[in-house]
Amino acid sequence: ITAVAFPREDGGVTVYSSTQSPSNVAGVVASALGLDGNMVECKVDRVGGGFGGKQLRAGWISAMAALPAVKLKKSVKIVLE
């Protein structure tokens, strides 16, 4: 699972995540950062099948990338093997 987070000028964050549930990722990241849902943008490249395997784990991994990204105002990438 991979997550890359980029802080935005408006205080929000854009997250690229390998997930099958971008709405879950956005919700978890918003909750972890204490932001409104509209301040988190989740983008997903094409992901393969294997239904459910990447559904819920990606949320907290994306939040782990988003928190330091917003605090440090730098992009953060997390890759789990």
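Only the coordinates and a few stated rules stand behind these numbers; no lab work does. Being a predicted model, the structure only gives us computed values, none of them experimental. Here the Cβ positions follow ideal geometry from the backbone for every residue, glycine too, while neighbour counts run over all protein chains shown.
For segment 58-63, 3J(HN,Hα) computed residue by residue from phi via the Karplus equation (6.51, -1.76, 1.60; θ = phi - 60°) reads 5, x, 6, 5, 5, 5 Hz, glycine and proline entered as x. What the phi angles of segment 16-25 give under the Karplus curve with 6.51, -1.76 and 1.60, with θ = phi - 60°, is a coupling list of 9, 9, 8, 9, 9, 9, x, 5, 5, 4 Hz, glycine and proline written as x. For the chain, the 222 nm mean residue ellipticity estimated from helices alone, with every DSSP H stretch of n ≥ 4 adding -39500 (n - 2.57) and the total spread over all residues, rounds to -11000 deg cm²/dmol. The modelled label-to-label distance between Leu67 and Asp36, using points 7 Å beyond Cα along the C-beta direction, is 2.4 nm.
Contact order normalised by length for the chain, with contacts defined as Cα pairs under 8 Å and 6 or more residues apart; what percent is it?
Over the chain, the number comes to 45 percent.
Number of Lys-Lys pairs in the chain with C-alpha atoms under 20 Å apart and a separation of 8 or more places or on different chains: 5. Residue separation of Lys74 and Glu9 scaled by 0.36 nm, minus their Cα-Cα distance, works out to 22.3 nm of gained length.
Tell me, what is the FRET efficiency for Glu81 and Val47 to the nearest 0.05, using R0 = 25 angstrom and their Cβ-Cβ distance as r? All intermediate terms of the calculation are to be shown ahead of the outcome.
Details: r = 17 Å, r/R0 = 0.69.
For Glu81 and Val47, the calculated efficiency is 0.90.
If you wrap the chain in the convex hull of its Cα atoms and look at it from every side, the mean projected area works out to 4.7 nm².
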